Amino acid sequence: MKVLVINAGSSSLKYRLFEMAEERVLAAGKVERIGMDTAIVSHEPAGSQEVREVSEMLDHNAALKKVLSLIVHNEHGVLRKVEEIEAVGHRVVHGGESFRQSALVTQEVKKEIKRLFDLAPLHNPAHLMGIAAVEANLPHVPQTVVFDTAFHQTMQPHAYLYPIPLALYKRHKVRKYGFHGTSHMFVSRRAAEFLGRPLKQLKLITCHIGNGASIAAVKYGESVDTSMGLTPLEGLMMGTRSGDLDPAIVPFVMGKEDLTINEVSAMLNKHSGLYAVSGLSSDMREIERAMEEGHRSAKLAFEMYEYRLRKYIGAYAAAMNGLDALVFTAGIGENSWLLRAGTCSNLSFLGVELDAVLNMVRSGEARKISTPESKVEVLVIPTNEELVIARETYELVREQPHEAERPVPAKS
Ligand code: ADP
């Protein structure tokens, strides 16, 4: 079954086409600057060179049309006709409390995603545009939605509620949801597989550390706590996001600097984190390079980043009363040996012992970087959120009755 995975952002559309159940990638690419005068599409058929084109794509509909034309292009294409695509899976950031798992797209599901616009104003509207674009371009193809929040829906009230008036939860659903769930789920399952032990017996801490970063306590296969909250701003220090801070800072700074709600929100989301402290960049590679050259603010930014991550690891080991394995994933987690070394060197009280040589090995594969004596296994596991979406989509669509076997809807 050919499954197209789509991640629609407000001005972008990323895609990956899979052959399932083989899990083979046929093509991947993205469209950027949708809605601007010059949108850019890059398309990479498996095993060949990337092709790039610049043209006007005013909306997601036009962007998907372009992507489909490249998928069946006589030179760069990988399919003979678009009808070969049998299912489309979408990444959706916010599923609120309604979605504990992935779902087939129906009118009710779309309505629910829309109802959640308030909680994810930048993301959920874009995802609905992606769904509408598929309806317009591939009208009979079943679609699914896979939520970043779903994996964390196993959290208990003592973990997901905030100690503020509970009326705010009842009226506005103010609570911790957590994000990157697809990644935390993928790497925790992969960790159990790698260790050859049942997930149901493992206490894991998964660190998804990329531009956005979050950490999860995964006990016996279920997320019991995670660092991101109502929005992806809470928790770890990130590339441009502050992570945790004293909430009183918000009204204090708004008063002192005469900032509006939007301005203070932009400050915390876009002008904080590594970028703000280093005064240099939100990109960890640049921070590490500058540190090597003796840049003091870059060093401070790195130290704060590592310290805050380490504190969360300690907290989540306490939350689970133990720890079997610590997993690093995403751009920084998979690639920065320096951050892993710094984080683990001060976790000896938990029995963590890193193998300095293994930690520096570069590889795109899952690997162990702790010593045989370490009481906690430390793993680096490349994440693959698109593959999770393709798998969930394949399963959901496969379970569907075939068109001819579907009950005829009653006339209204
Ligand atoms: P996103 O959240 O946008 O998906 P990624 O998971 O791609 O982010 O992570 C991007 C981050 O990974 C950037 O800060 C980048 O500097 C960092 N990164 C990538 N390669 C390396 C590397 N070799 N060493 C250190 N950091 C790296």
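Computed from the coordinates by the stated procedures, all read-outs in this text should not be read as laboratory data. Quick caveat, the model's predicted, so the values are computed rather than measured. Methodologically, a virtual Cβ is constructed for each residue, glycine included, from the backbone with ideal geometry; neighbour enumeration extends over all protein chains shown.
The table below lists the values:
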item	result
Dipole moment magnitude, nearest 20 debye, the chain about Cα centre, only Lys, Arg, Asp, Glu C-beta charged	840 debye
Amide proton proximity set for residue 26, modelled H, under 5 Å, gap of 5+	17, 18, 19
Value of [θ]222 nm, deg cm²/dmol, for the chain, DSSP H segments ≥ 4, -39500 (n - 2.57) each, nearest 500	-11000 deg cm²/dmol
Stokes-Einstein D (µm²/s) once Rh is taken as the Kirkwood radius of region 267-320 over alpha-carbon pairs, at 20 °C in 1.002 mPa s	182 µm²/s
Beta bridge orientation in the chain: antiparallel %, DSSP, nearest 5	65 percent
Relative intensity, log₁₀ I(q)/I(0), of the chain from a Debye sum that treats every alpha carbon as a point, q = 0.08, 0.10, 0.12 Å⁻¹	-0.47, -0.74, -1.07
Integer Hz, Karplus 6.51/-1.76/1.60 couplings in order for region 53-65, x for Gly and Pro	9, 10, 7, 7, 10, 7, 8, 5, 4, 5, 5, 5, 4
Relative intensity, log₁₀ I(q)/I(0), of region 325-378 from a Debye sum that treats every alpha carbon as a point, q = 0.20, 0.27 Å⁻¹	-0.63, -1.16
Whole-angstrom gap from region 340-401 to region 1-80, using each part's C-alpha centre	29 Å
Unit charges at the beta carbon, dipole of region 236-316: most positive-side option, 277, 309, 249	309
Residue-wise HN-Hα coupling along region 96-107, computed from phi with Karplus coefficients 6.51, -1.76, 1.60 (Hz; x: Gly, Pro)	x, 8, 6, 10, 8, 8, 5, 9, 6, 6, 10, 4
For 369, 205, order by how many other beta-carbon atoms lie within 10 Å, fewest first	369, 205
Cβ charges +1 (Lys, Arg) and -1 (Asp, Glu), total dipole of region 228-336, debye	100 debye
The chain: relative contact order in percent, alpha carbon pairs under 8 Å with at least 6 residues between	13 percent
Cut-off under 5 Å, modelled amide H: who pairs with residue 144 long-range	88, 89, 90, 105
Cβ-derived FRET efficiency at R0 51 Å, residue 193 paired with residue 136, nearest 0.05	0.85
Relative contact order %, region 90-229, counting alpha carbon pairs below 8 Å whose residues are six or more apart	23 percent
Computed over region 280-412: relative contact order in percent, which uses C-alpha pairs under 8 Å that are six or more apart	19 percent
Distance violations [Cα-Cα > 26 Å] among 114/256; 30/299; 81/110; 30/110; 176/368	114/256; 30/299; 81/110; 176/368
